[in-house]
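The values are calculated or read from the model by the stated rules, or taken from the named source; none is laboratory data. This structure is a prediction, so every number in the text was calculated from the model and none was measured. Cβ placement follows ideal geometry from the backbone for every residue including glycine, while neighbour counts extend to all protein chains displayed.
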Amino acid sequence: MDELKTGLGAVHIDDKSSNYQDIVKELILQSQKAKEGAYCPYSKFRVGAALLTLDNTVFTGCNVENACYNLGVCAERNAIAKAVSEGYRGFKAIAISSDMTEQFISPCGGCRQFMREFGPNWDVYLTKPDGSYSKMTVEELLPVSFGPKDLSLKKVTDSSNRQ
């Protein structure tokens, strides 16, 4: 599999010489590498994510904790924010890794909603350290979700009778 370095630490996967299963394996490997950079002195719970764009560029992220716990950033949101800051808005897949061996890592509710912002129909690979995975879509992780199109739906506009 050919890889080219591009942008802010992003990697491009050449899919001409690879089948999709090889791309998934590489995506999982990249998420495991990203996990190594996690800053988690409080929880000791390392998480890495690797996000695959429509043109096969991979952006990675890791969790970054903060002494003020709610100011931490999850790996998934970190990777997505890096891609968005480089102009990407469409994604094929994301792989998420942790050190849990008995169950697959799953994104928190906030990350599920963050992923949903960029569409419900892309793949999410929940992994274990041995490289095994469970594949779901964003829609399966967050059914009956609220997204950008919901903002344009008809709504009550007259609030004068509210007390």
* Asked: Going by the conditions given, is SER145 surrounded by 14 or more Cβ atoms within 10 Å (Cβ to Cβ), modelled with pLDDT under 95 and assigned to a loop (DSSP other than H, G, I, E, B)?
  -> yes
* Asked: Hey, ASP123 hits all of (1) of a type outside the set (S, T, N, Q); (2) more than 12 Å from the chain's Cα centre (by Cα); (3) surrounded by 12 or more Cβ atoms within 10 Å (Cβ to Cβ); (4) closer than 19 Å to VAL47 by Cβ but one; which does it fall short on?
  -> (2)
* Structure fact -> In the range 56-82, anything in contact with a Lys or Arg (Cβ under 8 Å, 6 or more places away or on another chain) and aliphatic (A, V, I, L, M) is listed as ALA75
* Quick one: would you say LYS135 is exposed (fewer than 15 other Cβ atoms within 10 Å of the Cβ) and basic (Lys, Arg)? -> yes
* **Qualifying residue in the range 26-48 (condition: in contact with a helix residue (DSSP H, G or I) (Cβ under 7 Å, 6 or more places away or on another chain), surrounded by 15 or more Cβ atoms within 10 Å (Cβ to Cβ) and within 20 Å of GLY119 (Cβ to Cβ))** => no
* To do: Return yes when PHE91 is crowded, with 16+ Cβ neighbours inside 10 Å, of a type outside the set (Asp, Glu) and more than 15 Å from SER31 (Cα to Cα) and no when it is not.
  => yes
* Report the residue count in the range 55-76 for those that are of a type outside the set (A, V, I, L, M, F, W, C), touching a residue at least 24 places away in the same chain (Cβ under 8 Å) and surrounded by fewer than 21 Cβ atoms within 10 Å (Cβ to Cβ). => 5
* Structure fact -> Taking the range 62-93 and keeping residues under 11 Å from VAL47 (Cα atoms) and of a type in the set (A, V, I, L, M) leaves VAL64, VAL73, ALA75
